[in-house]
Amino acid sequence: MASERLESTQRALREAMAQAERTAELARLLDAAQARIAEAERAVGELRDVRERLSEAQEDLERARATEERLRKELAEQRYQAEVARWKLSSVQMARWSRLGDAIKTGKTNPVRLARGLRGAARPAQRPAAPKRQPVPQAPETAKPVPGAAFQATASTRTLDGVSFRLKPFRVPTGPNTRPHLTAAVVAGPHAEALLRYEWRQTAGFTPRDFARALAAEVPHLLLVESVGQGPWAEEVREGGDGLRALLAWCAERGIRTVFWHTGGEVSEWAATAALFEHIVTALPASVQAWGTALASAERASGRREPSLGLLPFAVQPRVHNPLPLSSGRFDRALTLAELLPGHLSYPDVLTSYRWPKAVDCPPGTEPWRLAELAACGTPIGLPAEGEEPDLRRAHAALRQAYAAGTMTDRVDELLDAIGLPSARPTLGISVIMLDRGDLGGALEQVARQRGQGGQGGQRGQGGQGEIVQLVLLSQAVTDAASAEEAEKRARAALGPHVDVAVRSADPALTTGALLDRALDLCEGDLVAVMDGRDTYGEHYLADLARVFTFTTADIAGKAAYHAHLADVGATVLRRPEAEYAYLPEVAGATLLGRRTVLRSLGFADLSEGWDEVLMRQCRTDGVKVFSADRYGYVCRRDHDAGLLGSARLVEYGPAEPHALV
């Protein structure tokens, strides 16, 4: 019995203790609930205060708007009254009696002047019309944010030797994007951002605190993080902080590829951070070996693969590194690199400075990417000799070499292929309409020598950008089926198997415009070029001209500035040298390169002479943009052309090729 009572007492005691614990827990929960209620009440009170302040601010805003409207009306009335006063004064001055008084006063010592003044005063004069009351101007609307406005030049002056020079900044374009199907989240400095922002739909500007919200709106396919030294991510990237790790974890959950881009600094400074990524690329070829050593010696978490290693060097970006000039023109002075690029300039301001001097002197050891960017902007590198002008032919060759070394578009192609993302992008194949004037071999040689076209011209171009894909030959040598077959065989032998060939007879009964219109229906390339067998085209002619479509929004390109050779006098002339790299109302027909869809919508006029002038007038009517490229790579050959001789500048009596072909 005693044991049963003891057990019952112990059970009751345990139940009492459990009850006490539940009571204590309820009391704790009650305290927490009361604390939350008190916090909610405080929040409600703060919200009420905010609403009251907001209401007061709205009332102040309404009063300010009413005051602004009243002041606007008063200003309009004052302007009107001032106009009325000026009108009354002018009316009084134009009155005959007033003019007679002025004539008498000014001619009282000179009878001749008096007589002349009285005759003038006697003539009737038209009085000014009375001003009309204008409607009160409305308040300007709040300016809407302009896309890309944050990435524009801000410094419009440069200072040299204590003297300030004002220039109109280069406007950084906001697009278009090369790969609109691909989205990339990018953490990078201004220079790298300028190189990458046109290669895909780019998300930037997010921080360690808001990346999840910013990236969720459009989940990227790729995260690329540069070894930045400034900005909200600088400390995170250098230390491999929690914010960066959270970003990488967020990407891993969604299958987003991650790339670390080393652009400067010692490898040892970034090795720990880079090991957190799936892929590592470096802009510095000399650091590849050091990266390989660092990755081989790094400790990796269980189940984690070693990051891949590759190259992503800086390269020119056609959207911003191009020869489009400043509207204020070039400064008539050569500068050193230190004078040209003081340390306080932002990168958009650097893009303006690239285009400013007539030449720039770069010291030994200047980064190759800096030299390439300067050359791509058409700025001569190196000081000219005393009293001489910069060598523009050499500058043009350097521009071409900067692009030939590979653009940022080419580099991103390689990156995407390496990490397993599609690098597909639009390319521009060219259909060439060649007007053979009787020299079939010469006409085919003009096309075959074009660089990047295979055959005799060299290796085929990369990616098909600006590559000839079709030749439509309009030949006077073709008179029947046999001659057409022979011409086609010769064309295929000259151009190689990658170029499609269509041969048609240049019927003498048809005008040049009618022949071109028929040939246009046969064209399949994205771009259509018109070439004339009478003229001379350099080996880089088409490649240089097609480059225009990578940095302009033009639908048609050509040359308004070009060299010509007149056989009757043996003279080489240069037509409109100021018309380079500009949107103009017309270009020469034999240099025409246009989008096929645009040319088909315009058509060619049924004329033999002046068909190109009619086409250019139609472009102006329809708002089609026409761009004039450089002066090099083309020679217009004529026996005699008085109009050309009168509108051009004499270069020399001699051949044109040394001046025109670079």
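Within region 313-360, the set of residues being over 25 Å from Ala286 (Cβ atoms), assigned to a loop (DSSP other than H, G, I, E, B) and in contact with a Ser or Thr (Cβ under 9 Å, 6 or more places away or on another chain) comprises Pro318, Arg319, Asn322, Pro323, Leu324, Leu326, Arg330, Pro342, Leu345, Ser346, Arg355, Trp356.
Every residue, every condition in (1) open to solvent by 30 Å² or more (accessible area, probe 1.4 Å); (2) modelled with pLDDT of 95 or more; (3) assigned to a loop (DSSP other than H, G, I, E, B), yes or no:
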{"position": "Glu578", "(1), (2), (3)": "yes, no, yes"}
{"position": "Glu586", "(1), (2), (3)": "yes, no, yes"}
{"position": "Gly594", "(1), (2), (3)": "no, yes, no"}
{"position": "Arg600", "(1), (2), (3)": "yes, yes, no"}
{"position": "Phe627", "(1), (2), (3)": "no, yes, no"}
{"position": "Val662", "(1), (2), (3)": "yes, no, yes"}
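Within region 297-312, if we keep just the residues that are small (Gly, Ala, Ser) and open to solvent by 60 Å² or more (accessible area, probe 1.4 Å), the residue that is farthest from Arg411 (Cα to Cα) turns out to be Ser302. Within the set Trp233, Trp250, Trp261, the sole residue that is buried (at least 20 other Cβ atoms within 10 Å of the Cβ) and over 25 Å from the mean Cα position of the chain (by Cα) turns out to be Trp233. If the condition is being farther than 18 Å from Asp544 by Cα and in contact with a strand residue (DSSP E or B) (Cβ under 8 Å, 6 or more places away or on another chain), then region 377-388 contributes Ile381, Gly382, Leu383, Pro384. Scoring Gln78 on the criteria (1) over 30 Å from Pro135 (Cα atoms); (2) modelled with pLDDT of 80 or more leaves a single failure, condition (1).
Is it true that some residue in region 318-328 is within 17 Å of Ile419 (Cα to Cα), touching a helix residue (DSSP H, G or I) at 6+ places or on another chain (Cβ under 8 Å), of a type in the set (Lys, Arg) and in contact (Cβ under 8 Å) with a residue 24 or more places away in the chain? Working first, answer last.
So in region 318-328, the residues within 17 Å of Ile419 (Cα to Cα) come out as none.
No, the conditions are met nowhere in region 318-328.
For the condition farther than 29 Å from Tyr583 by Cβ, in contact (Cβ under 8 Å) with a residue 24 or more places away in the chain and in contact with a Ser or Thr (Cβ under 6 Å, 6 or more places away or on another chain), Ala487 qualifies. When Pro363 is tested against the conditions (1) over 28 Å from Glu467 (Cα atoms); (2) assigned to a helix (DSSP H, G or I); (3) touching a Leu at 6+ places or on another chain (Cβ under 9 Å); (4) open to solvent by 30 Å² or more (accessible area, probe 1.4 Å), the lone failure is (2).
Of the candidates His262, His191, the single residue that is within 30 Å of Arg333 (Cα to Cα) and either at pLDDT 95 or above or in contact with a helix residue (DSSP H, G or I) (Cβ under 7 Å, 6 or more places away or on another chain) (or both) is His191. The residue list Arg238, Arg300, Arg257 contains one member that is charged (D, E, K, R) and in contact with a strand residue (DSSP E or B) (Cβ under 9 Å, 6 or more places away or on another chain), which is Arg257.
Screening Thr178, Thr183, Thr207 for residues that are under 30 Å from Ser327 (Cα atoms), in contact (Cβ under 8 Å) with a residue 24 or more places away in the chain and among the β-branched types (Val, Ile, Thr) leaves exactly one candidate, Thr178.
Glu218 satisfies every condition listed in (1) open to solvent by 60 Å² or more (accessible area, probe 1.4 Å); (2) at pLDDT 95 or above; (3) more than 17 Å from Arg425 (Cβ to Cβ) except (2).
Of the set (1) open to solvent by less than 30 Å² (accessible area, probe 1.4 Å); (2) touching a residue at least 60 places away in the same chain (Cβ under 8 Å), all apply to Ile280 but (2).
Which residues, counting only those in region 411-430, are open to solvent by 20 Å² or more (accessible area, probe 1.4 Å), closer than 16 Å to Arg319 by Cα and at pLDDT 95 or above? Within region 411-430, just Arg411 meets the criteria. Taking region 188-205 as the range and being open to solvent by 10 Å² or more (accessible area, probe 1.4 Å) and in contact with a strand residue (DSSP E or B) (Cβ under 7 Å, 6 or more places away or on another chain) as the test, the residues that pass are Ala188, Gly189, Glu193, Arg201, Gln202, Thr203, Ala204.
Select, from Ala38, Ala64, the only residue that is without any contact (Cβ under 8 Å) to a residue 40 or more places away in the chain, open to solvent by less than 80 Å² (accessible area, probe 1.4 Å), over 30 Å from Pro135 (Cβ atoms) and assigned to a helix (DSSP H, G or I). None of the others qualify; the one that does is Ala38. Among the residues that make up region 396-406, is at least one of them open to solvent by 30 Å² or more (accessible area, probe 1.4 Å) and in contact with a Pro (Cβ under 9 Å, 6 or more places away or on another chain)? For region 396-406, residues open to solvent by 30 Å² or more (accessible area, probe 1.4 Å) and in contact with a Pro (Cβ under 9 Å, 6 or more places away or on another chain): present.
Given the options Ala294, Ala286, Ala315, name the one that is within 32 Å of the chain's Cα centre (by Cα) and open to solvent by less than 30 Å² (accessible area, probe 1.4 Å). Spell out how you get there, then give the answer.
On the way: Ala294 fails: within 32 Å of the chain's Cα centre (by Cα); Ala286 fails: open to solvent by less than 30 Å² (accessible area, probe 1.4 Å).
Testing whether each residue is within 32 Å of the chain's Cα centre (by Cα) and open to solvent by less than 30 Å² (accessible area, probe 1.4 Å) leaves just Ala315.
One residue is enough: does region 632-643 have a residue meeting the conditions among the hydrophobic types (A, V, I, L, M, F, W, C), more than 19 Å from Thr536 (Cβ to Cβ) and free of Cβ contacts under 8 Å to residues at least 12 places away in the same chain? Yes, there is a match, as at least one residue in region 632-643 is among the hydrophobic types (A, V, I, L, M, F, W, C), more than 19 Å from Thr536 (Cβ to Cβ) and free of Cβ contacts under 8 Å to residues at least 12 places away in the same chain. Inspection of region 643-652 identifies at least one residue that is in contact with a strand residue (DSSP E or B) (Cβ under 7 Å, 6 or more places away or on another chain), in a helix (DSSP H, G or I) and either at pLDDT below 95 or open to solvent by 30 Å² or more (accessible area, probe 1.4 Å) (or both). Please enumerate the residues belonging to region 112-152 that are assigned to a loop (DSSP other than H, G, I, E, B), among the small types (Gly, Ala, Ser) and modelled with pLDDT of 75 or more. If the condition is that a residue be assigned to a loop (DSSP other than H, G, I, E, B), among the small types (Gly, Ala, Ser) and modelled with pLDDT of 75 or more, then Ala129, Ala130 are the ones that fit. The residue list Ala294, Ala272 contains one member that is in contact with a helix residue (DSSP H, G or I) (Cβ under 8 Å, 6 or more places away or on another chain) and either not polar (S, T, N, Q) or not in a loop (DSSP other than H, G, I, E, B) (or both), which is Ala294.
Please pick out the residue among His540, His498 that is open to solvent by 20 Å² or more (accessible area, probe 1.4 Å), within 34 Å of the chain's Cα centre (by Cα) and free of Cβ contacts under 8 Å to residues at least 60 places away in the same chain.
Numbers: His540 fails: free of Cβ contacts under 8 Å to residues at least 60 places away in the same chain.
Going through His540, His498 in turn, just one is open to solvent by 20 Å² or more (accessible area, probe 1.4 Å), within 34 Å of the chain's Cα centre (by Cα) and free of Cβ contacts under 8 Å to residues at least 60 places away in the same chain: His498.
Scanning region 90-110 finds no residues that are surrounded by 12 or more Cβ atoms within 10 Å (Cβ to Cβ), within 46 Å of the chain's Cα centre (by Cα) and part of a helix (DSSP H, G or I).
The values are calculated or read from the model by the stated rules, or taken from the named source; none is laboratory data. Keep in mind the model is a prediction, meaning the values are calculated, not measured. Cβ sites come from the backbone with ideal geometry, for glycine too, and all protein chains shown count toward neighbours. These accessible areas exclude ligands, DNA and RNA; they are computed on the full protein's heavy atoms, side chains included. Shrake-Rupley method; radii C 1.70, N 1.55, O 1.52, S 1.80 Å.
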